[in-house]
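The values are calculated or read from the model by the stated rules, or taken from the named source; none is laboratory data. This one's a predicted model, so the numbers in the text were calculated from it and none came from an experiment. Cβ placement follows ideal geometry from the backbone for every residue including glycine, while neighbour counts extend to all protein chains displayed. Just the protein is used for accessible areas: all its heavy atoms, side chains included, with ligands, DNA and RNA removed. Shrake-Rupley method; radii C 1.70, N 1.55, O 1.52, S 1.80 Å.
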Amino acid sequence: MPGMVVCPQPRAADVGAEILASGGSAFDAAVATAFAQMIADPFMCGIGGFGSIQAYSANTGEITSLDFHTTGGSGIVEGMWAADVKGRTEVSGYTLFDDFRSELGYTAIMTPGTVAGFGAFHNRFGSRPWAELLQPAIAMANDGVTVTPFFAEYLARPLVPGLPGGMQRVSATDACRSIYVKPDGSLYAVGDTLRNPDYGATLAQIAAEGPETFYTGPLSERLAADLEANGSYVTRDDLAGYKPIWQKPVTGTYRGYTLSSVPPPASGVTLIQILQILDHFPLATMAHGSAEHLDLVARAMAAAHHDRELWLADPHFTDVPVDDMVSRERAAFWAEKIASGELPPGAKATEPSATTQLCIADEAGNVVSCTHSLGTGSGAVTPGAGFVYNNSMKLFDPFPGGKNAMMPGKARVTGMVPTLILKDGVPVMSAGAPGGSVIISAVAQSISNVIDFGMSPAEAVAAPRIHCESGPIEAEARMPDRVKRELESLGHTVRRSARSYDMMMSYAHLLELDPVMRGGADPRSGGGVAWA
């Protein structure tokens, strides 16, 4: 098999598979798939967003980590919103303002990193021309994509109290409304064709002029003028100065496997912590989904999230004790407390964000895991450009002095955990998910489902799962009454959803390479698996 692509969008998976089938590498397919995802799911990801990549090169045997997170604009003043904030959402931790300033419009935007990130990735690993890899996305934008149930529900579903609804989001600017609202004033429905030729033209310009046009070229002049005219804190100097960051991955172990994930301000350390804590308990001897199993998983999650809340931040602005967080000693510390029946304090639970994921491998042994996002999408669109900017400002701390306080040039914490799992130095699995900090628990459970319970990737990502950060266990409707009662008798509060496959639980994706190549795309998001 020449290779495989796993991602939430079936038509984007097809794009990547065609690149592989024509002789392109996993790295080429990752770029083409990612840009196709931006058209297929334009509120999940886009050129106005950010992300992280883990990549294994079969030629060198090395894993590299590339971060292209959004960064605070030069117009930010630490504490500038402190007097107006109304708090944070109960289940999301997003800042609340009467005017939605951190959620909608130009004030919600941080400096985008997506184009620079994929440009740097292609420059280092790509074998096919940049312009060629963007052509499928350009065609999709011009010809139109079919609106999926996932995309339609994202805009139509009720959100957390205090947050703007889908119609408010797409109506944040006239340019956004003209794309996503029909002439009769309704949102696009499942099965409708959504065309965005402006986005196609912008991608064509990036294809022809290179990724630098977004930051220092003709396109950047147009974007900067619009941002500055509409009160954004991002300036043309911020665009010109933006650089993605190559970093050393963070690593850990689980049941004899090596875990390689992304460093702060992403949450690879937290994923590794959860699994290294669970490494102290014989999960394989327990019934999957039993109270005995889920009690341990919930406590491990709460422990790791306690440390995440305590320490995780942008390491370029704050000292983050990464080595301590992923140490076996720290895992043993928490495992001992959990074994004694302690429920760690954890942190406030968070709501899924608008994010996407891709996992790709080729026949040469190259492997990629990439998570990229828009936050939840600001609804700000530069007229004629066709793409939505991120709303990353909502997860900054509005109060001065804290480790995640808003500052120019600073990245805020994200739940992204694109991860590679290796055996004897060779990748055997690629994993990741979209969905805010719920990403971490979804990926941890999916990896455990394969390693501890022998599930296939498809079974692992579809299995019922939980999420726990601060005490309450969030569960899907598939949790039996008996298990719910037993967990409550152990001291947990259980909040069970009415949905059997709840979007709140994130959308895990796995690609297994050994003993055979096979993929699992989370049915909670539709999901696509395509092979060359």
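If I compute solvent accessible area with a 1.4 Å probe over the protein chains, what percent of it on the chain is carbon and sulfur?
52
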At 37 °C and 0.692 mPa s, what whole-number value in µm²/s does Stokes-Einstein give for the translational diffusion of segment 460-503, with Rh from the Kirkwood sum over Cα pairs? 307
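Could you compute Rg(Cα) / (2.2 N^0.38 Å) for the chain, with N its residue count?
So the chain has a normalised radius of gyration of 0.90.
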In terms of the alpha carbon gyration tensor, root eigenvalues a ≥ b ≥ c, rounded if a/c is under 1.5 and otherwise prolate when a/b exceeds b/c or oblate, segment 188-273 is prolate
In terms of the ratio Rg/(2.2 N^0.38 Å) built on C-alpha atoms, what value belongs to segment 248-351? 1.06
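Quote to one decimal, in nm, the extra length available between ALA131 and SER500 on full extension: 0.36 nm per residue of separation minus the C-alpha distance between them.
Computed gain between ALA131 and SER500 is 128.6 nm.
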Taking every DSSP beta bridge with both residues inside the chain, roughly what % is antiparallel (nearest 5)? 90
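Let me check I've understood the local charge: for THR148, count other residues with C-beta under 12 angstrom from its C-beta, Lys and Arg +1, Asp and Glu -1. What total comes out?
Local net charge: -2.
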Extreme residue, positive dipole direction of segment 441-532, given options GLY471, ALA444, TRP531 (C-beta unit charges): GLY471
At 0.692 mPa s and 37 °C, Stokes diffusion of segment 373-493 via Kirkwood alpha-carbon radius, µm² per second: 185
Give me the distance in nm between label points sitting 7 Å out from Cα along the Cα-to-Cβ direction at LEU310 and ASP14, one decimal. 5.0
Taking the Cα-to-Cβ direction at GLN168 and at ASP98 and moving 7 Å from each Cα, how far apart do the two end points lie in nm? 1.4
In Hz, Karplus ³J(HN,Hα) per residue of segment 330-341 (6.51, -1.76, 1.60; θ = phi - 60°; x = Gly, Pro): 5, 5, 5, 4, 6, 4, 5, 5, 5, 4, 7, x
Amide hydrogen neighbours beyond the local backbone of MET416, cut-off 5 Å, H modeled: SER267
What distance in nm lies between label points placed 7 Å from Cα along the C-beta direction at SER74 and THR318? 2.6
Inverting the mean 1/r over all pairs of different Cα atoms, compute the Kirkwood radius of segment 44-93 and quote it in Å. 15.1
Would you tell me the accessible area of LEU490, worked out with a 1.4 angstrom probe on the heavy atoms of the protein chains, in Å² to the nearest 10? 80
Where MET167, MET406 fall by accessible area, highest first, once all protein chains stay in place (1.4 Å): MET167, MET406
Say the dipole of the chain comes from +1 at the beta carbon of Lys and Arg and -1 at that of Asp and Glu; which of ALA298, LEU133, ALA58 then lies farthest toward its positive end? ALA298
Gyration tensor verdict on segment 1-125 (Cα atoms; rounded if a/c is under 1.5, prolate if a/b is larger than b/c, oblate otherwise): prolate
Could you sort PHE68, PHE399 by accessible area so the largest value comes first, with the probe set to 1.4 Å? PHE399, PHE68
In Å², rounded to a whole number, the accessible area per residue of segment 338-448 with probe 1.4 Å is 20
Charged-residue dipole, Cβ positions (Lys, Arg, Asp, Glu), segment 272-341 about Cα centre, Debye nearest 20: 200
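If the only charges are +1 at each Lys and Arg Cβ and -1 at each Asp and Glu Cβ, what is the size of the charge dipole of the chain around the Cα centre, to the nearest 20 debye?
540
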Kirkwood hydrodynamic radius, segment 268-318, all distinct C-alpha pairs: what's the number in Å? 12.0
Collect residues whose amide H, placed 1.01 Å from N in the peptide plane, falls under 5 Å from the amide H of THR173; neighbours closer than 5 in sequence don't count. none
Per-residue accessible area for TRP246 at 1.4 Å probe radius, Å² rounded to 10? 90
Counting heavy atoms of the protein chains only and a 1.4 Å probe, report the per residue accessible area for segment 1-41 as a whole number of Å². 22
Starting from the Cα of ALA21, step 7 Å toward the Cβ, then list every residue of segment 510-531 with an amide N under 13 Å from that point. 530-531
So, with +1 on the Cβ of K and R and -1 on the Cβ of D and E, and no other charges, what is the size of the charge dipole of segment 383-507 about its Cα centre, to the nearest 20 debye? 300
How much accessible surface does MET407 have with a 1.4 Å probe, in Å² rounded to 10? 60
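For segment 91-206, rounded, prolate or oblate, judged on the Cα gyration tensor with a ≥ b ≥ c (square roots of eigenvalues), a/c < 1.5 rounded, else prolate if a/b > b/c?
oblate
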Expressed per residue, the solvent accessible area of segment 236-303 in Å² (1.4 Å probe) is about 31
